[in-house]
Amino acid sequence: MFKKILTANRGEIAVRVIRACHEMGISAVAVYSQVDRAALHVRRADEAYLIGPAAAAESYLNIDRVVETAKRCGADAIHPGYGFLSENPRFATACHDAGIKFIGPPAVSMEMMGSKTRARKQMEKADVPFVPGTSRGVESLNEAKEIAAKLRYPVMLKAAAGGGGKGMRLVDSEGDLASALESAQSEALRAFGDGEVYLEKAIINPRHIEMQILADEHGNTIYLGERECSVQRRHQKVLEESPSPAATPELRRKMGEIAVKAAQAAGYANAGTIEFLADNSGNFYFLEMNTRLQVEHPVTELTTGLDLVQWQIRIAAGEKLPFGQEDIKLRGHAIECRIYAEDAENNYFPSPGRITALAEPSGPGIRVDSGIYEGWNVPIEYDPLLAKLISYGESREQAIGRLRRALEEYFVGGVRTNLPLFRQILANPDFLAGRTDTGLLDRMPERKQSGAKCDDETIVAVAAGIFYATNSMAASGNGAEGTSASPWKKSARNEALR
Ligand code: MV4
């Protein structure tokens, strides 16, 4: 077993990994940027090293700096968490070349799953059902028209290098195809440096259901049940639960077996997730594979009783899984809320600043994976996820009841959070009935902005303002507002204008 593990991450996930290390008698090393000197993960670690300035590109994304730090402090493995370098095959290779074990899948698996078209080709070979469409880039408008006509509208244009909705366009009819293709290609090129775009049949208001798998380095792969992740806003997950209210034992078994097949086709090892889109007729399709530990892994930990981070570490150390599929018994129901420093009442505006007061909930069936403490300053430079509140119950009803109670106990002072949003979701009749699909949040009447009346002149003036703001922001790169607005605020404004 490893003696010392470096966590190449920050916030709640770095704290989560440090906890697993300490439970296993492993020494934990943190790295931090200049604005994270006093962060919780630094305080919880046994050693901590400064790796650069606030900008992630120069600190948490700096491969050379992270690997060099691990070598210098004598770490024998690196856990990448999620985000940052976690799905970067060059990072996994750099760790390997430095004689440090990367706690995650082989670089080749990450590479294959990083390209959606390559992944689709591989899944096709392995007989995994995926959304009807092409498995290579569209080469011309005419070709796109032919394929779309065969698939029948609506269709979806997607970036091969994408994920998370970037470079994605829903196309309702042939008349919209030309401009959608052009804008999808240019967005993909800007976001990923790769303009390759392919076509899929669009599934309307699908559910987003994903399957957790665990594979050791000796060829054993098992599935650990699904997570329902449909409650999301603009491709940002907000609440996840397991089991899915839409899943039957039959669907779970089918989806699980397909997920195992997909993982094996990718030569996968360690923890991974296969994402599916499900329609309301019981069909489901492979969407993509996430080659990392996910934010929402705790719901699976609670329903399986397994510590996924510990198993990631054991697998990376070469251990064989001592249990098989038949030993996995799912029990109860778990729900996770992602607590963000943002103002859900005001267009989800980011809300960084000092945590002046903090009361975290506890009690039966409640787990809080937090990256904050009272008195700490939430920096503006990173993802605004503060903590995750996870509830567990014997039934979905009990999990909801405990979550509601915990939300009443939860208090965060000094920054705005999306806690009020969860109180609304947990009172929503569709959510309570398990009718969760990806359109749920947009349909919630209490979330609708007040419909302000507006004359034509005002509309023209606002449009001109938006045109000016978006153009100048794109042109100058760092915004027309100079130093007056924080990067969070600027990107939030840009987001709100989309
Ligand atoms: C789709 C789809 C409908 N049809 N593909 C969004 C993120 C990206 N990873 C895949 N996404 C979607 N792909 C087809 N063919 C609808 C979505 C989608 C979505 C998927 C998962 C979770 C939330 C979503 C919200 C809107 C659209």
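Bear in mind these aren't lab numbers, they're just calculated from the coordinates by the rules spelled out. On a predicted model such as this, the values are computed, not experimentally measured, just so you know. All Cβ positions, even for glycine, are placed from backbone atoms using ideal geometry, and neighbour counts span all protein chains on display.
Summary of values
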| item | result |
| --- | --- |
| Amide H partners (placed H, <5 Å) of VAL31, local residues excluded | THR7, ASN9, TYR49 |
| Pairwise label distance in nanometres, GLU182 with LYS71, each label 7 Å out on the Cα-Cβ vector | 5.0 |
| Spatially proximal aspartates and glutamates relative to LYS145 (Cα-Cα < 18 Å; intrachain offsets below 8 disregarded) | ASP172, GLU174, ASP176, GLU182, GLU196, GLU200 |
| Rough spin-label spacing in nm, given labels placed 7 Å along Cα→Cβ, for VAL462 and LYS201 | 3.8 |
| Range in the chain, longest, excluding exposed GluC sites (Glu not before Pro) [loop by DSSP; at most 13 other beta-carbon atoms within 10 Å] | 140-344 |
| Approximate spin-label separation MET1-GLN325, in nm, with each point projected 7 Å along Cα-to-Cβ | 3.0 |
| Kirkwood estimate for region 86-219, i.e. one over the average of 1/r between Cα atoms, Å | 16.4 |
| Region 115-183 - Kirkwood radius from inverse mean 1/r over Cα pairs (Å) | 12.6 |
| Residues whose placed amide H lies under 5 Å from that of VAL415, excluding near-sequence neighbours | THR356 |
| Length released on extending from ALA433 to ALA191, taking residue separation times 0.36 nm less the Cα-Cα span | 83.3 nm |
| Derived scalar couplings ³J(HN,Hα) [region 323-333; Karplus, 6.51 cos²θ - 1.76 cosθ + 1.60; whole Hz; x for Gly, Pro] | 10, x, 4, 5, 8, 7, 10, 7, 9, x, 9 |
| Over 22 Å (Cα to Cα) - which of LYS121/LYS201; LYS261/LYS320; LYS158/LYS254 fall in this group | LYS158/LYS254 |
| Bins of 10 Å from zero: percent of alpha-carbon pairs in the chain | 4, 18, 29, 30, 16, 3, 0 |
| Region 63-123: translational diffusion in µm²/s, Stokes-Einstein, Kirkwood Rh over Cα pairs, 10 °C, 1.306 mPa s | 131 |
| Mean separation of Cα contacts under 8 Å, 6 or more apart, over the residue count of the chain: relative contact order % | 13 |
| Prolate/oblate/rounded label for region 256-312 (Cα gyration tensor, a/c 1.5) | oblate |
| Region 206-307 - Debye-derived log10 I(q)/I(0), Cα point model, q = 0.12, 0.14 Å⁻¹ | -0.34, -0.47 |
